[in-house]
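Student: Take this structure first; my questions come after.
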Amino acid sequence: MPPVVRGIGMAQADGPTPPNTKPPCREPSDRPIVVAALTAGILVLTTILAPRALATPPRGGAGAALTVPPPMGWNDWAHYQCRVDARVVLANARALVKTGLAARGYKLVVVDDCWMRKHRNREGDLRANRRKFPAGMRALARSVRRLGLKFGIYEDAGYATCGGGAGSGTPPGGGRAHFLADARLFASWGVDYLKLDGCHVFVPPGVSPAAAYRTAYRAASRALAHVARPIIFEESAPAYFQGSPEWYDVLNWVRRYGELWRTGSDIATYDPRDPRRSRWASVMWNYDYNLELGRFQAPGRWDDPDMIIGGDPGLTRAETRSQLALWSMMSAPLILGSDVARLSAASIRILGNRAVLAVDQDPLGRMATLLERSPSEDLLIKPLVNGRYAIALLNRGSRPLRVRVHPERLGFGGAGCRLDAVDLWTGVRHRAARALVARVGVHDTVIWSVRPDRRCGPPARVGVITRIRPHLARNQRTAEMYTRCLTAPGRVANCTGGASQSWRVLADGALRSGGKCLAEIGAAARLQACTASLFERWRYTILGRLVNRATRRCLTGPVNGPLAVERCGHNPASQIWSVPLPLGAP
Ligand code: GLA
């Protein structure tokens, strides 16, 4: 049986397989959902490297280092899908300039799928769909660049794009891929950014899908390094493995090859037949899965939870604020997926808020840490340069909240600690505040930039420890949360926000809650009085394991039942944890 790889938008699982809910793109042809693994071909056997922290070598045209802040710009897919053409692209490019959003940083204009034809020309080159792009892609890139913007393009690591256009990858059955020829062509067109999707990757018999993907993305990365133009490389590979053990392996290697990668399923697209349909659940879903993955991120290497649909139909103004604030807390790429010319003045003000964008673009490039999670609120912290912190509080419930955040909730223990804070939406300053106070509307997010005074001391590494529930089908995502929380004295439970779900990670690897330490006791793990023994120390790995220092076995959190400590497996969901990140230097 050939291995089956599903398109983005599907949870793979230790549970029911949901239907592919991605809207069908019928142009230029229907997409098959199975990656064919056919007859003989070139067998390139690639082993997944043993997981370890990877030094990320610089990459880029002609060997130049390419370290970029999270990219900002626009991409047609979420609003137009295959209805894209040159007119749409140029209208949005001009609107970015006219609204002032380009001047705020949204400078990249990316043409997504369906720009190319199904077949290459006789020389093997890609051809634009002439009906949609009559002047061709080189001319379009020139027009975009003349507006002072950058130009990005979509291709696919498989033999066909998700929309059925010609892909860059190995043909079905084996043969030569087109990565180098396509990279040269893109460079000659003046392309600055390549989004390389992962539909229809040929998987030779006997090769695992993850290995076939790695071979393809590595080849594409090398091809880009061979052309004279620096081209930012976005990889969609991880999204094709979301919910499976290989997800973490793939997230571990994409960092070697590109500047950013799509971590999971697509953000909900605009449907002209049902424009008012709420897309909030999709924003929450993408935020939830991406927030789990901060350990993979570093400056110039970004987790991408997909496009900003705020301002487009389907999100309220509060939800638009939330999406921008949360994406900025995660240092996510900010790629608008809307019809820019139709953004309201209020949406433009939100999406162009300089102070929030500065949180996203902060040079430390850190992912937020989840301090508290309950069905109604998430509290997040993100260190910024110059000793400041961004703090955000999301109201994910259905009632307005009054919040009061004391410094202890942020991890500041010093007596008499006071905070200088600015509310980044209103610009209101609070000097020497004992607590951050706000009203937060339904689905809104308040975001502050905070400077703790000297009495606060450095913040402790505190927060919740979560594991995902990969069995959740997409159609359940409104009802259930993506994660569950490690709960004292020793189980995994729904996240409620209580003190039993607040953990402190110490430098020696101890995990403390309520002053006690989580220890391996036989094959179980429980909270006990701290004794400084090795059984209380845990090594946190890049894949997300908590490995006991004494026994080298993994903390295991079954969905129901007490914690166990078991032999480390191949990334079962029960052994993969998201742990508060250190707030100091990485
Ligand atoms: C995948 C990607 C989307 C978009 C479409 C195009 O689903 O995740 O962002 O590029 O393909 O077909």
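Bear in mind that the values in this text are calculations on the coordinates, not laboratory data. Keep in mind that what you see is a predicted model, and the values were worked out from it rather than measured. Methodologically, a virtual Cβ is constructed for each residue, glycine included, from the backbone with ideal geometry; neighbour enumeration extends over all protein chains shown.
Student: Please compute the modelled spin-label separation between Asn494 and Asn386, points set 7 Å along Cα→Cβ, answer in nm with one decimal.
Tutor: Between Asn386 and Asn494, the simple spin-label model gives 4.4 nm.
Student: Under a crude label model (7 Å from the Cα following the beta-carbon direction), how far is Glu123 from Cys530 in nanometres?
Tutor: Simple spin-label model gives 6.8 nm for this pair.
Student: Counting DSSP beta bridges with both partners in segment 53-360, what percentage is antiparallel, nearest 5? The partial results should precede the final answer.
Tutor: Details: 3 of 28 bridges.
Within segment 53-360, antiparallel bridges account for around 10 percent of the total.
Student: Identify, among Asn548, Ala529, Thr496, the residue whose Cα sits farthest towards the positive end of the charge dipole of segment 462-575, taking +1 on the Cβ of Lys and Arg and -1 on the Cβ of Asp and Glu, with the dipole about the Cα centre.
Tutor: Selected residue: Asn548.
Student: Using Cα pairs closer than 8 Å and at least 6 residues apart in sequence, work out the relative contact order for segment 462-575, in percent. Walk me through the numbers on the way to the answer.
Tutor: Numbers: 234 pairs, mean separation 24.2, N = 114.
Relative CO of segment 462-575 lands at 21 percent.
Student: Which distance in nm do the two modelled labels at Arg130 and Arg455 give, with both placed 7 Å along the Cα-to-Cβ direction?
Tutor: 7.6 nm
Student: Fewest Cβ neighbours within 10 Å first, please rank Ile391, Ile542 accordingly. Don't jump to the answer; show the numbers that get you there.
Tutor: Numbers: Ile391 24, Ile542 15.
In increasing order of surrounding Cβ atoms, one gets Ile542, Ile391.
Student: Another question, then. Tell me, in nm to one decimal, what length is gained between Glu566 and Thr426 on full extension, where the rule is 0.36 nm per residue of separation less the Cα-Cα distance? Walk me through the numbers before you get to the answer.
Tutor: Details: separation 140, 0.36 × 140 = 50.40 nm, distance 4.96 nm.
Going from the current span to full extension adds 45.4 nm.
Student: Additional query: If I take R0 = 45 Å and measure r between the Cβ atoms of Arg176 and Ala550 in this structure, what FRET efficiency does the formula 1/(1 + (r/R0)^6) give, to the nearest 0.05?
Tutor: Working: r = 52 Å, r/R0 = 1.15.
In this case the efficiency is close to 0.30.
Student: Among DSSP bridges having both ends in the chain, what percentage is antiparallel? Round to the nearest 5.
Tutor: Details: 61 of 86 bridges.
Of the beta bridges lying entirely in the chain, close to 70 percent run antiparallel.
Student: Only helical DSSP H runs with n ≥ 4 go in: add -39500 (n - 2.57) per run for the chain, normalise by residue count and round the 222 nm mean residue ellipticity to 500 deg cm²/dmol. Don't skip to the answer; put the middle values down first.
Tutor: On the way: 10 runs with 109 residues, N = 586.
Using -39500 (n - 2.57) per qualifying helix, the result is -5500 deg cm²/dmol.
Student: Angle between the Cα long axis of helix 179-189 and the longest principal axis of the chain, 0 to 90 degrees, nearest 10?
Tutor: Around 80 degrees separate the two axes.
Student: Can you sort Tyr154, Tyr80 so the residue with the fewest Cβ neighbours within 10 Å comes first? Write out the running numbers ahead of the final one.
Tutor: Working: Tyr154 26, Tyr80 20.
Lowest to highest Cβ neighbour count: Tyr80, Tyr154.
Student: Same structure again: In segment 184-342, how does Rg compare with the Kirkwood Rh, expressed as the Rg/Rh ratio over alpha carbon atoms? Intermediate values should be presented prior to the final figure.
Tutor: Working: Rg = 16.7 Å, Rh = 16.8 Å.
Expressed as Rg/Rh, it is 0.99.
Student: For a quick check: with amide H placed at 1.01 Å from N, whose amide H comes under 5 Å from Ile335's, ignoring anything fewer than 5 positions away on the same chain?
Tutor: Placed amide hydrogens put Gly73, Ile308 under 5 Å from Ile335.
Student: Separate question: So for the chain, if I pair up every lysine 8 or more residues apart or on another chain, how many of those pairs have alpha-carbons under 14 Å apart?
Tutor: Numbers: Lys98/Lys107; Lys107/Lys150; Lys118/Lys132; Lys150/Lys195.
Lysine pairs meeting both conditions in the chain amount to 4.
Student: Quick one: order Leu149, Leu291 by neighbouring beta-carbon count within 10 Å, fewest to most.
Tutor: Working: Leu149 22, Leu291 26.
Result, fewest neighbours first: Leu149, Leu291.
Student: Roughly what angle does helix 136-146 make with the longest principal axis of the chain, taking Cα atoms, 0 to 90 degrees, to the nearest 10?
Tutor: It works out to around 50 degrees.
Student: Now, a different point. Relative to the longest principal axis of the chain, what angle (0 to 90°, nearest 10) does the C-alpha long axis of helix 317-329 take?
Tutor: In the chain, helix 317-329 runs at an angle near 80 degrees to the longest axis.
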